[in-house]
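Novice: Below you'll find the structure I mean.
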Amino acid sequence: MGREITGAGNPVVLYVSGGNTQVIAYAERRYRIFGETLDIAVGNCLDRFARTLAISNDPAPGYNIELLARKSSGRRLLDLPYAVKGMDCSFSGILSAADLLAAQMKEQEAKIARSEEVKEEDRLTPEDLCFSLQETLYAMLVEITERAMAHVGSNQVLIVGGVGCNERLQEMMGQMAKERGGRVYATDERFCIDNGIMIAHAGLLAFETGFTTPLEDSTCTQRFRTDEVYVKWRD
């Protein structure tokens, strides 16, 4: 769907959502996974931290984290675990560390409410927490995507999935791609967030190449991995 909308040729794909985090590229009739999360997905990490800060789900928790991060001065990057292991990432540790910082922030707020002193340089804010979380998470994603680009010899990146509409992620990925003489392709929330058209488009491609499944034989496989799909509709 992303290739159809953006016109990307044969890009490395960063697939980031609430349920998946994968760096993939097409080769020999399959989308090969070069790197992925070792625990929770990046979107799940953002959603859970939004609950920690009691951030609204309207219109989406990840989007509201992005808005708060933009309000940060950007001068204070809090220390959070940076967990890249080869081509894979881990997000559970960074979430735990961010939750601890959020607890410290609430303790500071309680002290202020009791008229106790909290040094300005030590004070934590939701804006700085969201900024630091985003910057660290997305730096990890940029690193593993760049490695995949070098491995397959591609200068194109396509970002898909719900987290893919985050403008800061697109900006950071764009800076990396530009340094490599490439470019980033991305879509907006109409096509990044789960929608029926992506399912219909995949079904149409399969149907046009002769792949059909009788209704009585149809099943739902929730954990169908990306590299298990035989892609007959691409050369």
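Novice: For segment 202-235, what are the residues that are open to solvent by 100 Å² or more (accessible area, probe 1.4 Å), more than 23 Å from residue 14 (Cα to Cα) and not hydrophobic (A, V, I, L, M, F, W, C)?
Specialist: Within segment 202-235, 208, 216, 219 meet the criteria.
Novice: Taking the residues in segment 184-201 that are part of a loop (DSSP other than H, G, I, E, B) and touching a Ser or Thr at 6+ places or on another chain (Cβ under 9 Å) as candidates, determine which candidate is least open to solvent (accessible area, probe 1.4 Å).
Specialist: Checking each candidate, the answer is 187.
Novice: Let me ask something else. In segment 102-161, which residue that is β-branched (Val, Ile, Thr) and farther than 24 Å from residue 1 by Cα is most open to solvent (accessible area, probe 1.4 Å)? Walk me through it before giving the result.
Specialist: In the first step, residues of segment 102-161 are kept if they are β-branched (Val, Ile, Thr); the result is 112, 118, 125, 136, 142, 144-145, 152, 157, 159-160.
Subsequent filtering for residues that are farther than 24 Å from residue 1 by Cα retains 112, 118, 125, 136.
Working: 112: 68, 118: 34, 125: 41, 136: 16 Å².
Filtering first and then ranking leaves 112.
Novice: Determine which member of the set 50, 69, 54 is small (Gly, Ala, Ser), outside any loop (DSSP other than H, G, I, E, B), closer than 17 Å to residue 101 by Cβ and free of Cβ contacts under 8 Å to residues at least 60 places away in the same chain. Spell out the reasoning first.
Specialist: On the way: 69 fails: free of Cβ contacts under 8 Å to residues at least 60 places away in the same chain; 54 fails: outside any loop (DSSP other than H, G, I, E, B).
Answer to the selection: 50.
Novice: Residue check, residue 227 against (1) of a type in the set (Asp, Glu); (2) at pLDDT below 90; (3) touching a strand residue (DSSP E or B) at 6+ places or on another chain (Cβ under 6 Å), all met but one. Which one?
Specialist: It fails just one condition, (2).
Novice: Is it the case, given these coordinates, that residue 153 is on the phi > 0 side of the Ramachandran plot and touching a helix residue (DSSP H, G or I) at 6+ places or on another chain (Cβ under 7 Å)?
Specialist: No.
Novice: Would you confirm whether any residue within segment 23-34 is aromatic (Phe, Trp, Tyr), assigned to a strand (DSSP E or B) and buried (at least 20 other Cβ atoms within 10 Å of the Cβ)?
Specialist: yes
Novice: Ok, one more. Which numbered condition trips up residue 55, out of (1) surrounded by fewer than 17 Cβ atoms within 10 Å (Cβ to Cβ); (2) touching a Leu at 6+ places or on another chain (Cβ under 8 Å)?
Specialist: (1)
The values are calculated or read from the model by the stated rules, or taken from the named source; none is laboratory data. Fair warning: this is a prediction, and the values are worked out from it, not measured in the lab. Because the Cβ atoms are built from the backbone with ideal geometry, glycine has one as well, and the counts that use them run over all protein chains shown. With ligands, DNA and RNA removed, areas are computed over all heavy atoms of the protein, side chains included. Shrake-Rupley method; radii C 1.70, N 1.55, O 1.52, S 1.80 Å.
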